[in-house]
């Protein structure tokens, strides 16, 4: 490995990691000290840009990253009140995600690594979501079931005491967040769909409209939400009155309840089968208030410790990338300057 990647700063008392995250449409940069203390966490959203399209347009997202990434990184350094030269390593998401978006972040990280002669650490975006919990609970340790639920991913992982991560389930079609977005678009509620549905569902009756709980009784830990989306659409075609203004809250509340029930039933079943007493939930949909309430209530009844990061850390952010980068840094798991990007995960 080249000398560029081998600069030794292990004698420093504190480790400062710059994190960069551009896997989808948010341009993020953060500075984290010792894998725990967030010195800055800057997020530039593109929601207003993509709203009129009802979803993320990859080419537009990547171009926007290129336009503002230098500004976002500079702002993270300024807010952290440090100099660029005090950074020990730069950690960046290089998988999974939109290839064009990932290239913007990895390119910036490579330039910083090369210029400052500090290690480059490419990390898995999904694994970083798991590590977001360590920003709040650094002594949590392994031995848990991890649920990552977002717009692009809905997956279950078994993580043993030595932090060996094994995927035990994933979505076979739409991710939970994707299903929220599609139904919100169908109902004309706007984008992104998750927050809109979460807010509207609070005024609705989740038991008023009967919808299926897809794959809830399957003999595996996989998910499928495309059929639920289709069931709601067909139901409104048979009962057009459900689309009346006074019924929309009940409709989305029932839709949300179906997704949440499937998620927590499968997650807690996996936890019981593995013999664990801890569950981590992360990803953008983990910000959903109904999900947080349901998981909290079931964890208390099952005597399971539940870890869900604050809402801001559920969303895509660079603090989680820097946190994971810290642990890779102290174990000297560096990346070559030629590291590539990948649309799929290898967690």
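Since every read-out is calculated from the coordinates, none of them should be taken as a lab result. Only a predicted model underlies this, so the values are computations on that prediction, with no experimental measurement involved. Methodologically, a virtual Cβ is constructed for each residue, glycine included, from the backbone with ideal geometry; neighbour enumeration extends over all protein chains shown.
Suppose the chain between residue 274 and residue 298 were pulled fully straight at 0.36 nm per residue; how much longer would it get relative to their current alpha carbon spacing? Can you show the working numbers first?
Values: separation 24, 0.36 × 24 = 8.64 nm, distance 1.71 nm.
Additional length available on full extension: 6.9 nm.
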TODO: Could you give me the radius of gyration and the Dmax of segment 142-308, taking only the C-alpha atoms into account and expressing both in angstrom?
DONE: 15.8, 54
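Can you give me the Kirkwood hydrodynamic radius for segment 180-267, using every pair of distinct Cα atoms, in Å to one decimal? Spell out each step's value before the answer.
On the way: mean 1/r = 0.0762 Å⁻¹.
Taking every pair of different Cα atoms in segment 180-267, averaging 1/r and inverting gives 13.1 Å.
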Task: Neighbour-count order for 276, 114, fewest beta carbons within 10 angstrom listed first - done: 114, 276
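Please state the relative contact order of the chain as a whole percent: Cα pairs under 8 Å, 6+ residues apart? Write out the running numbers ahead of the final one.
Working: 762 pairs, mean separation 86.8, N = 347.
Value for the chain: 25 percent.
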Task: For segment 225-266 and segment 120-183, distance of Cα centres in Å - done: 26
- [ ] Let me know the Rg and Dmax you get for the chain when you use only its Cα atoms, in Å.
- [x] 20.6, 69
TODO: Starting from the Cα-Cα distance between residue 312 and residue 74, subtract it from 0.36 nm times their residue separation and give me the gain in nm to one decimal.
DONE: 83.6 nm
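Could you check what % of the DSSP bridge pairs in the chain are antiparallel, to the nearest 5?
Once the DSSP bridges in the chain are tallied, antiparallel ones form about 60 percent.
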Open item on the list: For segment 215-347, place one equal point scatterer on every Cα, skip the solvent, and apply the Debye formula. What is log10 of I(q)/I(0) at q = 0.13, 0.16 Å⁻¹?
Closed with: -0.79, -1.04
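Using Cα pairs under 8 angstrom and six or more residues apart, how large is the relative contact order of segment 142-308, in percent? Please report the intermediate quantities before stating the final value.
On the way: 309 pairs, mean separation 45.2, N = 167.
Relative CO of segment 142-308 lands at 27 percent.
Report the gain in length on full extension from residue 337 to residue 45: 0.36 nm times residue separation, minus Cα-Cα distance, nm rounded to one decimal. All intermediate terms of the calculation are to be shown ahead of the outcome.
Working: separation 292, 0.36 × 292 = 105.12 nm, distance 2.79 nm.
Contour length minus Cα-Cα distance gives 102.3 nm.
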